[in-house]
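The values are calculated or read from the model by the stated rules, or taken from the named source; none is laboratory data. Everything quoted here is computed from the prediction, not taken from an experiment. We place every Cβ from the backbone using ideal geometry, glycine too, and count neighbours over all the protein chains shown.
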Amino acid sequence: MRDMFKLFIVIVIFSVISGGVLAAVRDATKDRIEYQQLVFVKGPAINLIMEGCTNNPVQDRFKLEDQGKERDFFVGEFNGKKDVVAFETYGKGFGGDIGVITAINTETDKIVGVAVTTHSETPGVGARAKTDPDFRKQFNDQPITDVFKVKADGGQIDALSGATISSRGVSAAVVQAGEIYKRLKDELKKKMQASQG
Amino acid sequence: MAKTVVQEFTKGLWAEIPPFRLVLGLCPTLAVTKGVENGIGMGVATTFVLICSNVLISLLRNVIPKKVRIACFIAVIATFVTVVELLMQAFAYPLFLSLGIFIPLIVVNCIVLGRAEAFAAKNKVIPSLADGLGIGLGFTLSLGALGAIREILGSGTFYGMPVFGESFQPFGFMVQAPGAFVCLGLMLCIMNILGKK
């Protein structure tokens, strides 16, 4: 019985110490990991749609709360003015959620560009949502207040052939981006003017 | 003690070099050696875990009760593996993305647990450190060599830089899973022939 007790104590002590160590390391690396993830996972998509911007959108990011959820907003500077904001939303695709970054010009309320970040769509079919420039360029210069739908649903977006569900997912993500933008527009503008200073 | 510290160290580099002589840890060996960089990255991560766990387990060898030793070893190893995973995410994110699931899987790498059980639990700290360093370095070298052969033949590059002229046709088979088996088998065969003399 005493033997059992000793085994128990040793295991507990081991677990407590390793738990403590891990919590400390996690805490110390948290901010850096977040930055690295943004640079390597969202960075390529952001650079794609913010082509020609004169700042580093990942560095010039800020957080805002929307309906109890914190979101990252990336600011792009064009012609010396920080008036483009980009953020990520998700739409339901064929193989899971599709992450879509939408960049919006806050002066004109028009979409600057749309790009897919993470997805698990079928390679060569739904995955073209990320690689096919013709598909994502359909969103460019459209007013963000529009409701985007694929043509099969009576909308304006040409779906990728054989990948209606993936195309629908991207459209839904952009629509969601529009809703968030409408809710937060004033706050966003205030934040961006502050960073301009 | 019959063997000196130097002998404990050098045995890992030839006489007991992990993937070829011990034929342990084959899962990461086969899976990540598509290129030199991945192979060495994996090797260094494993070496770090191996050294830390060997030293700590050797220090605690009189505290850990025999009956629960495996559970204690796993707790120690898992802690170090998670530390490596977090550090890699923070400082080498692209490497983390390409190694992916194989970093957390170091926990169940037979080499690490094997050295803890067979060596560190029975020996003093300094020989255990030498053992961990030697085996880890041997593992890194093997992975690096395997990665180099597969990368040079399979994609015509070394550490991402092209080594052959434009006209080189990559031998794509070598960077696929079957190529890993064939390459490992041939290297094992060569080492056995050399070892016989």
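Selection of the range B:17-50 for residues being surrounded by 22 or more Cβ atoms within 10 Å (Cβ to Cβ) and farther than 14 Å from B:Leu143 by Cα yields B:Val49, B:Leu50. Of all residues in the range A:141-164, those being surrounded by fewer than 20 Cβ atoms within 10 Å (Cβ to Cβ) and either in contact with a strand residue (DSSP E or B) (Cβ under 6 Å, 6 or more places away or on another chain) or more than 20 Å from A:Thr108 (Cα to Cα) (or both) number 14. Of all residues in the range B:60-74, none satisfies being more than 22 Å from A:Val21 (Cα to Cα) and in contact with a Ser or Thr (Cβ under 7 Å, 6 or more places away or on another chain). Just to be sure I understand the filter: pairs with C-beta atoms under 6 Å, separated by 6 or more residues or on different chains, first member in the range B:119-143 and in contact (Cβ under 8 Å) with a residue 24 or more places away in the chain, second member buried (at least 24 other Cβ atoms within 10 Å of the Cβ) and not in a helix (DSSP H, G or I). Which pairs pass? Between residues of the range B:119-143 that are in contact (Cβ under 8 Å) with a residue 24 or more places away in the chain and residues that are buried (at least 24 other Cβ atoms within 10 Å of the Cβ) and not in a helix (DSSP H, G or I), the close pairs are B:Gly134/B:Gly12; B:Ile135/B:Gly12; B:Gly138/B:Gly12; B:Leu143/B:Thr33.
Of the residues making up the range B:55-67, at least one is within 12 Å of another protein chain (Cβ to nearest Cβ), of a type in the set (Val, Ile, Thr) and under 20 Å from B:Cys110 (Cβ atoms). Taking the listed residues A:Leu48, A:Leu22, the one that is more than 10 Å from chain B (Cβ to nearest Cβ) and within 31 Å of the chain's Cα centre (by Cα) is A:Leu48, with no other qualifying. The number of residues in the range A:129-151 that are over 26 Å from A:Lys182 (Cβ atoms) and over 18 Å from the mean Cα position of the chain (by Cα) comes to 3. Of all the listed residues (A:Asp97, A:Asp72, A:Asp109), the sole one being modelled with pLDDT of 85 or more, charged (D, E, K, R) and closer than 18 Å to A:Asp186 by Cβ is A:Asp109.
Residues are listed down the side, and each one gets a yes or a no for (1) facing chain B (nearest Cβ under 9 Å); (2) outside any helix (DSSP H, G or I); (3) of a type in the set (S, T, N, Q); (4) at positive phi:
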position: A:Phe5; (1), (2), (3), (4): no, no, no, no
position: A:Phe14; (1), (2), (3), (4): yes, no, no, no
position: A:Asp27; (1), (2), (3), (4): no, no, no, no
position: A:Gln36; (1), (2), (3), (4): yes, no, yes, no
position: A:Pro44; (1), (2), (3), (4): no, no, no, no
position: A:Val58; (1), (2), (3), (4): no, yes, no, no
position: A:Phe74; (1), (2), (3), (4): no, yes, no, no
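Scanning the range B:165-197 for residues that are part of a helix (DSSP H, G or I), surrounded by 12 or more Cβ atoms within 10 Å (Cβ to Cβ) and without any contact (Cβ under 8 Å) to a residue 24 or more places away in the chain turns up B:Phe173, B:Val182.
To keep it simple, each residue is scored yes or no on (1) outside any loop (DSSP other than H, G, I, E, B); (2) among the hydroxyl-bearing types (Ser, Thr, Tyr); (3) under 18 Å from the mean Cα position of the chain (by Cα).
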site	(1), (2), (3)
A:Ala86	yes, no, yes
A:His119	no, no, yes
A:Thr122	no, yes, no
A:Ser161	no, yes, no
A:Ile165	yes, no, no
A:Val170	yes, no, yes
A:Gly178	yes, no, yes
A:Asp186	yes, no, no
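What are the residues in the range B:20-59 that are of a type in the set (A, V, I, L, M, F, W, C) and over 27 Å from B:Leu194 (Cα atoms), if any? Listed by number, the residues that qualify are B:Ala45, B:Phe48, B:Val49, B:Leu50, B:Ile51, B:Cys52, B:Val55, B:Leu56, B:Ile57, B:Leu59. Taken together, the criteria place B:Leu95 among residues that are more than 10 Å from chain A (Cβ to nearest Cβ) and buried (at least 17 other Cβ atoms within 10 Å of the Cβ). Residue-level check: of (1) surrounded by 18 or more Cβ atoms within 10 Å (Cβ to Cβ); (2) assigned to a loop (DSSP other than H, G, I, E, B), A:Gly95 misses just (1).
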